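Written out below as structure tokens is the structure these notes cover.
The values are calculated or read from the model by the stated rules, or taken from the named source; none is laboratory data. Just so it is clear, the model here is predicted, and its values are computed rather than measured. Backbone-built Cβ (ideal geometry, glycine too); neighbour counts: all protein chains shown. Only protein heavy atoms, including side chains, enter the accessible area calculation; ligands, DNA and RNA are left aside. Shrake-Rupley method; radii C 1.70, N 1.55, O 1.52, S 1.80 Å.
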Amino acid sequence: MSVERGFEHAAPPAALPRKLADILRPELASLAAEIVEEIRATIPAYARPLDGPYGKSIRAGVEYAITLFVAQIADPTVSKEQSHEVHHRLGQNEMREGRSLDTLQSAYRVGARVSWRRIMRVGRRSGLSSAVMSQLADAMLAFMDELASVALDGYLEAKARTAGALDTWRRKLLHLILETPPASPKAIAELAQLIGWP
């Protein structure tokens, strides 16, 4: 399934100097490990061992996020689709695992904090100007907010597919279809997609 998000069409932030990608790329592997460890250390729901599909999912989410962020600096037109699909599934998995929305959103905030600490160290070491650092902070926070929103969509979609919620959404869809004056085709299509109806 292709995940299409409104962020794909949002106005891009001011272009960052592409040389930043070369400066940040060597940090990605150790940054991913640091983010995962910090999430596990600060959020009790994530403290369990990371072997198996659970750990693979968490690591993939972090790695896709930071790799895409740096790739977008190098090429602002790079596709977000694969990363969005990973984070959408991550949101779905979090709901199925029984974790709360707050827990999921906390993980994104921790990832943003750890990333920013690393960016600050790299920025000082590389002599980046305060203007570039400010621009980088804005871009990073907007990006993390975007991914958290994609994961939230996945979480809510999975929640909507639970037995009771699915019946409620089906009744709402039927109401939209029969409504006079007619509901917008977009609203009907979005709800139909949510519950898996063509």
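Observations on the structure shown:
- Each of 62, 129, 150 was placed along the dipole of segment 18-161 (beta-carbon charges, centred on the mean Cα), and the one lying farthest toward the positive end is 129.
- Accessible surface of segment 55-99, 1.4 Å probe, proportion on carbon and sulfur as whole %: 49
- Remark: spin-label model distance residue 132-residue 190 equals 4.0 nm, labels positioned 7 Å along the Cα→Cβ axis.
- Computed over protein heavy atoms with a 1.4 Å probe, the accessible surface of segment 1-157 works out to 51 Å² per residue.
- Shape category assigned to the chain from the gyration tensor of Cα positions, a/c cut at 1.5: oblate
- Qualifying GluC sites (Glu not before Pro) in segment 47-113, where qualification requires a DSSP coil assignment and no more than 14 other C-beta atoms within 10 Å, comprise 97.
- Label-point separation, residue 156 to residue 47 (7 Å along Cα→Cβ), nm: 3.2
- Using the Cβ-Cβ distance between residue 28 and residue 103 with R0 set to 22 Å, the FRET efficiency works out to roughly 0.30.
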